[in-house]
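For reference, the structure is listed below as structure tokens.
The values are calculated or read from the model by the stated rules, or taken from the named source; none is laboratory data. Owing to the predicted nature of the structure, the values given are computational and were not obtained by experimental measurement. Protein only, heavy atoms only, side chains kept; ligands, DNA and RNA dropped before computing areas. Shrake-Rupley method; radii C 1.70, N 1.55, O 1.52, S 1.80 Å.
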Amino acid sequence: MKVLITGAAGFIGMHAAIVLLKRGDDVIGIDVMNDYYDVSLKEDRLKHIEETDKKGTFTFKKIDMADRAAMEALFATEKPDAVINLAAQAGVRYSIDNPLAYVDSNLVGFAHVLEGCRHNDVKHLVYASSSSVYGANESMPFSVHDNVDHPVSLYAASKKANELMAHTYSHLYGLSTTGLRFFTVYGPWGRPDMSPIKFTKAITEGKPIDVYNYGKHQRDFTYIDDIVEGLIAVLDKPAQPDPNWNGKEPSPASSKAPWKVYNIGNNDTVELLDYINCIEKHLGMKAEMNLLPLQDGDVVATYADVDALIEDVGYKPGTDLDEGIAKFVSWYKEYYS
């Protein structure tokens with residue numbers, strides 16, 4: 001199978017590309033390689049993919065998804081069988097200061113992906129959504145059957161918009177689309193703007209870490225290998241119309257069109273202070289903490305109900321936090337030595 005991965009130089013994109021290459025798929029990776037964070041990390045991820053690519057079936061192209069002509073040419077030339085869309089402007093807090101970056105990448109860019117799939121006979125589009133779409137919801141655990149019409153950041157709103165845009169293409173053109181709501185992904189090769197690297201870097205340098213909501217945040221931390229395993233399992237099972245879908249009592253997670261949405265999380269919740277303690281344990285160092293109030297755009301807690309993923313795909317993430325943090329810290333020490 002030929003698979004196009006957008007955001008291939010990203011955290012999840014790199015890991016997904018490696019798994020697909022190892023099982024024998026051809027992978028075309030694209031990435032804009034912007035400087036939202038250190039470009040050298042993205043370059044090293046690409047080198048890591050290439051080192052894994054024993055059969056020479058990985059192709060990389062530097063492309064901005066917001067470039068309509070470039071995206072049209074990409075799809076027309078490569079003709080992928082399936083697409084994994086991971087490219088996006090990420091970050092809840094960054095969206096407050098730079099909202100238009102999310103419009104260009106997460107909305108305009110995603111529209112170009114949908115158009116490419118529509119016009120080039122793509123069999124399945126799997127795209128990254130986010131646990132952030134649950135926004136002001138307080139019912140735990142978050143279920144794909146919950147209403148998600150109250151986002152609290154533009155990043156979350158853009159991900160909800162992706163789900164709606166995908167449904168339109170599934171309905172109008174029969175394009176099979178599956179959205180994956182990722183829950184706090186962590187692990188080796190992660191983004192430096194996310195808490196594992198930020199906290200680990202500060203602790204090892206003897207600097208204080210900023211701990212928002214006074215450490216009372218709760219998160220469903222999900223190890224990268226679990227995310228990718230679930231993603232590939234979903235990729236191999238294109239969304240189908242739900243024969244039981246009822247327009248009078250519509251499910252938010254399925255449709256009469258070939259469209260589905262799933263949570264991928266560890267189905268557990270950990271308090272931020274316990275998470276920090278776990279990093280301290282594996283570093284053998286203590287953190288100095290600046291306890292700060294809740295930031296705009298943040299949600300207090302996330303917790304994934306993964307029943308739909310288990311029922312439809314037969315997969316449930318299972319790496320516990322202690323094991324995952326141990327692997328992350330080991331990678332961090334080697335990479336940043």
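Each residue of region 170-186 in turn: what ³J(HN,Hα) in whole Hz from Karplus with 6.51, -1.76, 1.60 and θ = phi - 60°, glycine and Pro shown as x?
5, 5, 7, 10, x, 6, 6, 10, 9, x, 10, 8, 6, 10, 5, 7, 9
Quick one: which residues, 5+ away or cross-chain, put their amide H under 5 Å from the amide H of I264? H built at 1.01 Å from N.
Distant-sequence amide H within range of I264: R181, F182, F183.
HN-Hα J couplings of region 280-287 from phi, Karplus 6.51/-1.76/1.60, θ = phi - 60°, integer Hz, Gly and Pro as x?
Ordered by residue, 3J(HN,Hα) equals 4, 4, 7, 7, x, 9, 9, 9 Hz.
Using the Karplus curve 6.51 cos²θ - 1.76 cosθ + 1.60 with θ = phi - 60°, what ³J(HN,Hα) values do you get for each residue of region 188-203, in whole Hz, with x for Gly and Pro?
Residue by residue, region 188-203 yields x, 6, x, 6, x, 8, 9, 4, x, 6, 4, 5, 5, 4, 5, 4 Hz.
How many angstrom lie between the C-alpha centres of region 190-211 and region 2-41?
Region 190-211 and region 2-41 have Cα centres separated by 24 Å.
For the pairs K159/K248; K2/K55; K201/K327; K198/K333; K198/K286, flag any whose C-alpha to C-alpha distance is greater than 20 Å.
K159/K248, as the Cα separations exceed 20 Å there.
What number, in percent, do you get for the relative contact order of region 9-86 if the mean sequence gap of Cα pairs under 8 Å and at least 6 apart is divided by its residue count?
Once normalised by length, the contact order is 36 percent.
Using a/c under 1.5 as the rounded threshold, could you call region 191-245 rounded, prolate or oblate? The axes a ≥ b ≥ c are square roots of the C-alpha gyration tensor eigenvalues, and prolate needs a/b larger than b/c, oblate otherwise.
Verdict is prolate for region 191-245.
Counting only protein heavy atoms and using a 1.4 Å probe, what share of the accessible area of region 1-60 belongs to carbon plus sulfur, as a whole percent?
With neighbouring chains kept in place, the figure for region 1-60 is 47 percent.
Could you work out what % of the accessible surface of region 142-284 is carbon and sulfur, using a 1.4 angstrom probe and leaving DNA, RNA and ligands out of the count?
Of the solvent-accessible surface of region 142-284, carbon and sulfur hold 51 percent.
Compute the Cα gyration tensor for region 1-95, then decide on rounded, prolate or oblate, letting a ≥ b ≥ c be the square roots of its eigenvalues: rounded whenever a/c is under 1.5, prolate when a/b is larger than b/c in the other cases, and oblate in all that remain.
Oblate is the answer for region 1-95, as a/c is 1.5 or above yet b/c matches or exceeds a/b.
Which residues' amide hydrogens lie under 5 Å from the amide hydrogen of D298, considering only partners 5 or more residues apart or on another chain, with H built in the peptide plane?
none
Go from 0 up to the bin containing the longest alpha carbon distance in the chain, width 20 Å each, and give me the % of pairs per bin.
Per 20 Å bin, starting at zero, the Cα-Cα P(r) for the chain comes out as 32, 60, 8 percent.
What accessible area per residue comes out for the chain, rounded to a whole number of Å², with a 1.4 Å probe?
Here the per-residue accessible area is 44 Å².
Need one word for region 240-324: rounded, prolate or oblate. Basis is the Cα gyration tensor (sqrt eigenvalues a ≥ b ≥ c); a/c below 1.5 gives rounded, then a/b vs b/c decides.
It is oblate, given that a/c is not under 1.5 and a/b is not larger than b/c.
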